[in-house]
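Following: one structure in structure tokens, then a few remarks.
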Amino acid sequence: MSHNKPAQKTILVVEDSLELSAALQTKLGKAGYIALVAFDGQEGLDLALKHKPDLILLDLILPRVSGVEFLAQLSEDKWGKKVPVIILSNLTHFTHLEEMYDGNVEAYLIKTAWSLEDVIKKVASVLA
């Protein structure tokens, strides 16, 4: 039996707040994940399709391509349809987004209601 550590999981953070994306990147790194960060929806899509992360943390209000458009474009890709997505937003009126999107929205977290530790725990539970 080999005792190799499992391959590190990659998380793509699509978040235009520099403070929040930096905090998430630090927390994810400390939790043992590789964190990629995109500051707008187009950059996020490009990174997602290029690196195929294990999970995407997605804000909805983004420059260039909104989170909703991001999901629509992501779901056009065979891999993109399957990747788990956790929405991290302050928009409470979009909580039924998973019904609009035929991909894998695993959770809808309202930023103000969740601590960074809780977000990392949610990431771990979705990837488990």
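Of the helices (runs of 4 or more DSSP H) lying entirely inside segment 1-78, those containing at least 2 residues that are modelled with pLDDT of 95 or more, open to solvent by less than 50 Å² (accessible area, probe 1.4 Å) and in contact with a Phe, Trp or Tyr (Cβ under 8 Å, 6 or more places away or on another chain) span 41-51.
The residue that is surrounded by the most Cβ atoms within 10 Å (Cβ to Cβ), among those in segment 113-128 that are under 13 Å from Leu24 (Cα atoms) and of a type outside the set (A, V, I, L, M), is Lys122. Inside segment 68-97, can you point out the residues that are in contact with an Asp or Glu (Cβ under 6 Å, 6 or more places away or on another chain) and farther than 18 Å from Thr112 by Cα? Correct list: Ser75, Pro84.
Looking only at segment 3-38, which residues are under 12 Å from the mean Cα position of the chain (by Cα) and not small (Gly, Ala, Ser)? Selection gives Thr10, Ile11, Leu12, Val13, Val14, Glu15, Leu24, Gln25, Leu28, Leu36, Val37.
The values are calculated or read from the model by the stated rules, or taken from the named source; none is laboratory data. Since we're looking at a predicted model, the values are computed, not measured. So basically every Cβ, Gly included, is an ideal-geometry build from the backbone, and we count neighbours across all protein chains shown. Accessible surface areas use protein heavy atoms only, side chains included; no ligands, DNA or RNA. Shrake-Rupley method; radii C 1.70, N 1.55, O 1.52, S 1.80 Å.
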